[in-house]
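Right, one structure below, let's go through it.
The values are calculated or read from the model by the stated rules, or taken from the named source; none is laboratory data. As the structure is a prediction and not an experimental result, all values here were calculated from the model. Every residue, glycine among them, receives a Cβ derived from its backbone with ideal geometry; neighbour counts consider all protein chains shown. Remember, those area values only see protein heavy atoms, side chains included, never the ligands or the DNA or RNA. Shrake-Rupley method; radii C 1.70, N 1.55, O 1.52, S 1.80 Å.
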Amino acid sequence: MTPPPDFSSLSSAEKDALIGTLLARIDALIAENAALRERLNLPPKTPENSSTPPSQGHKASGESETKPKAKTHAGSHRPLHPNPTQRRDVRADRCEHCRADVSAVPQVAVHAYDRIEIPEIVPDVTRVTLHGGFCPCCRRRFRAAPPAGLASGSPFGPNLRAFVLYLRFAQAIPFERLARLMSDLLGLQISEGALANMLEASGGAFARQSSLIRDRLLSGTILQSDETSARVGKKTWWTWVFHNGDSACFLIRPSRGKAVVGEFLGAMRPDFWVSDRFGAQMGWARTGHQACLAHLLRDVQYAIDAGDVSFAPGIKNLLKQAVAIGHRRARLAASTLAVYAAKLEAKLDRLLQIEPANWQGQKLLRIIKKYRQNLFVFVTNLALPPTNNGSEQALRPCVIFRKITNCFRSQWGAKLYADVRSVFETARRRGIPILQSIRLTLDERPLPVST
């Protein structure tokens, strides 16, 4: 045990100075303790009042008994397939009532239905045997050239490769389960290493397709972006998405900073940008940056839950009014939208004169003042959304993939996933089936753009 300090040698003035220092320290600790106690009284952060993901929220227990539908809907049936594989026209030979012979009676179609089945799933294995011998002219050994599309090397054809890519990256099936699925479903024994080699060999084709998607994105005037975490090896990396319209490009990098955005943009700067208020995504637009109002509304709700009754409720009503105007923009004239934008700015000016009483309200006031020029850019620009929900929807499959597979053991796997995700999301936006987009990419053909 450390012995107590000896104050007997201190003079009266030194003792007075020490007591003053200790009293000041005690006052500081009391103030810090009061602030901490005030924070203990703050409401919990939930998906409704913060950026807490919905998976971490707690759903209230509902009623155990299901209620009958208030309004029943008309019954429906499965429509007939537009392009059946085969047709069978069946004529009656006897009456189902009296068993009389009706084979000679004229008959018309009275009922049609589909019977859907899949054939037995067996691999189509082509054994290629190249013959050869000795040339009588030059006395050298010769061998037949392999048929087109059946060259030696990897034994796996493009359809099987596309199927593996789809299962791995669209359905997030880990390697061990994927190898078992190949064995159980197709009767093919493919090791995890062979599956990894198959995917790695596809990396160049998807990188080229992703580069074409990036070029199309950078040729536009609007970009939207967001990021989420990923695991590469034993470290946390970040999955970024940059998108707009019919194209989306993904990157997986070890950084969450501005360097990633700069790497993606190069020398290009878009006119407009849509994102949340994360600093790395701010300051890139030449004309205007639209901040996500959905994120901001959750922050406003938290300030209301924390007791701000003066400033936050007015801001909430103003933002909801702006979003409602955004939903009607397509039916409004440009002059009307300009008037609405001016009214929103005027209301915001009046609200900014309010001094909130509590700490959360004051924090919200500082946020609104800092980003006020980024709140209503979308009102007069019909191409801009008021929220960044499109980015979060694009990243949702990445989050699901992360939770199911725990992400990547190698950097090449992370890069391949980003390129494949770019192709999948772009194909979805352009109305291209996923398997078709894989085949186009492996054949080194660009994804078609709808006109």
Assuming R0 = 30 Å, what is the FRET efficiency of Tyr371 and Ser410, from their Cβ-Cβ distance, to the nearest 0.05? 0.15
What accessible area per residue, rounded to a whole number of Å², is obtained for the chain using a probe radius of 1.4 Å? 65 Å²
Let me have the 222 nm mean residue ellipticity of the chain computed from DSSP H runs of 4+ only, each contributing -39500 (n - 2.57), with the sum over all residues rounded to the nearest 500. -13000 deg cm²/dmol
Helix 203-218 sits at what angle to the longest principal axis of the chain, using alpha carbons and giving 0 to 90 degrees rounded to 10? 60 degrees
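Taking Cα pairs under 8 Å and at least six residues apart, what relative contact order does the chain come out at, in percent? Mind dumping the intermediate values first?
Values: 500 pairs, mean separation 81.6, N = 451.
The value is 18 percent.
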Folded to 0 to 90 degrees: helix 12-40 orientation relative to the chain principal axis, Cα: 40 degrees
Degrees separating the helix 389-405 axis from the principal Cα axis of the chain, which is the longest one: 70 degrees
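Carbon and sulfur atoms: what percent of the 1.4 Å accessible area of the chain do they account for?
Values: 15770 of 29090 Å².
On the chain, the fraction of accessible area on carbon and sulfur atoms equals 54 percent.
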Have a look at Leu150, Ser247, Thr228 and report the one farthest towards the positive end of the charge dipole of region 123-269, computed about the Cα centre with Cβ charges (Lys/Arg +1, Asp/Glu -1). Leu150
Cut-off 16 Å (backbone N to label point 7 Å along Cα→Cβ of Leu150), residues of region 112-140: 124-132
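How about region 89-174: which chymotrypsin sites (Phe, Trp or Tyr not before Pro) there are in a DSSP loop, with at most 16 other Cβ atoms within 10 Å of their Cβ?
On the way: sites: Tyr113, Phe134, Phe142, Phe156, Phe163, Tyr166, Phe169; in loops: Tyr113, Phe156.
Of the chymotrypsin sites (Phe, Trp or Tyr not before Pro), the ones in loops of region 89-174 whose Cβ has at most 16 other Cβ atoms within 10 Å are Tyr113.
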